Each structure stands twice: as C-alpha cells, then as structure tokens.
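One structure is given below, encoded as structure tokens.
The values are calculated or read from the model by the stated rules, or taken from the named source; none is laboratory data. These numbers come from a predicted model, not from an experiment. In this analysis, Cβ positions are derived from the backbone assuming ideal geometry, glycine residues included, and neighbour counts consider all displayed protein chains.
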Amino acid sequence: MTTAHDRALALAGLGVVAVLCWTWIAFAAADMQRDMRGAAAWMMPAQWSSRYALLIFAMWAVMMIAMMLPSAAPVALLYQRVAGSDGQVAHAALRLYAFTAGYLSIWCLFSLAATGLQWALSASNLLSPMMRVRNDTAVAALLIAAGTWQWSPLKQRCLRHCSSPAEFIAREWRAGTAGAWQMGLRLGVYCLGCCWAMMLLLFVGGVMSFAWIVAISLVVLLEKFLPWGANASRVFGAALTLAGFATLAFPR
C-alpha cells in the first residue's frame, strides 16, 4: 500500500516538472515582449531549418507538458494508489512514471503536428513575428472550429473519460508497467480528443502569449474538474463560435 509519504513524493515530482516548464514559458513569453535577447532569442530566424524546427517542437512540448500535466495529476496519483495496493510500493512508483510518460507522449505527438502546422502557416506568410495568425479569415476559422468542437459528441465523450479518474482507472485497468504505459497512452488520447482544438487557439492569441497559455490551461482545468464542466465547455464553445463570426463581420 502506498503511504502518504509516497504520494507526497509523487506529487512533488509531478509538481517540479510542471513548475520548471511554466518557469521557462514565463521567461520566454516575457522576453518576446522585450528585445528577444534572452529565452526567446532563437525564435526569430531568417528561415526555417532542421535545428529551428527541433527547437519549435521542444517549445510546443514544454508548453503541452506545462498545460496538461496538472489536469492529469489527479488520475496519475489515483493510479499510483491503486497500483500500490498489492504492497509493491517500488513497482507502484515505476508504474506511475510509465503512466505519466505514456500520457505525455501523446502530447509530444501533438507538439510534432503543431510544429508542422506552424511551419505551414509561416511558409504561407499567415503567421506574424509574434507567432500569431494575422489573417482574419484564418483566425475566424480557428475560432469557429474550436467552438464547434466543444459541442461535438466526441468532445463530450472524451471529456467524460478525462473528468472521472476512478471510472477511467476501473474501466481501462491493465497490469504491470507496460499496462501503465498503455493506460497513460489511452488517457492521453482522450485528453487530446478533448482539448486539441483549444490548443490551436494559441495561434490566435500568440503561441507564446503567456495570458493565452494561462487562459486555455484554466479552461481545461474547469472543464475537467468542475461538476458542471460539460456545460462550461459548451458555453466556451458558443463564445468562441460567436467570436469567430464577429471576426468575419468586423475584420481588423
């Protein structure tokens, strides 16, 4: 059986990773608003290269870990507690790491796709130096797509899986470390289905806009952990859709 001390260590470990990621985001975002000679100095190349693409991928991966790890922590900690019920505490800790790694690997795959999308937007001259889409039609399309997705049955199904840790673990349980990895992957897929459209809104407000990163992270947490999270997701969806049509009607 995992003890309170074991759970505290696990929580501290997850917390350290999240804090480190958020700290880098804060410094890089602040530097982008100044002279870009610090943490964001590499973000203004003359053209894309393999090195720059790798750095952009790392940027997205750090952002996704910072934004999504807090919402996955309750499931991961509950999993550790259940996995340790057989008395193998050391194995429970290893399974926790495998579970978390499986979950985050899905968001690293999303980061790879986001890097490709950012390259495409840059190549089409649709992305500003602040990594914000500058075409009103494209902005409206992203807002309407995200708002519509909030109302979709698949979004709501994924949200139900993400917002019920005990039910997820009971339904998806797999034994061993490999099973923990698979469970983390499945949770990551559900969370991706729930949140991918919201993440693309970073291209609307600015990929490295700290305010937008915080706002989207809060929306994710509210949807997953408030009793009325499903209704909140629909309200957010309606607001995003209206904002999209307003952008079309009143271009900048």
Q: May I ask you to verify whether A146 is part of a helix (DSSP H, G or I), farther than 30 Å from R7 by Cβ, in contact with a helix residue (DSSP H, G or I) (Cβ under 7 Å, 6 or more places away or on another chain) and of a type outside the set (S, T, Y)?
A: yes
(Q) For G38, only one of the following conditions fails: (1) modelled with pLDDT of 85 or more; (2) outside any helix (DSSP H, G or I). What is its number? (A) (1)
Q: Please work out which one of (1) of a type outside the set (F, W, Y); (2) part of a helix (DSSP H, G or I); (3) under 24 Å from A211 (Cα atoms) is the condition A93 fails and give its number.
A: (3)
(Q) Quick check on my filter: what residues within region 135-177 are more than 27 Å from T100 (Cα to Cα) and aliphatic (A, V, I, L, M)? (A) A138, V139, A140, A141, L142, L143, I144, A145
(Q) Cβ-Cβ under 7 Å, sequence separation 6+ or interchain: first residue in region 54-78 and under 16 Å from L221 (Cα atoms), partner among the charged types (D, E, K, R) and buried (at least 20 other Cβ atoms within 10 Å of the Cβ). Which pairs? (A) S71/K224
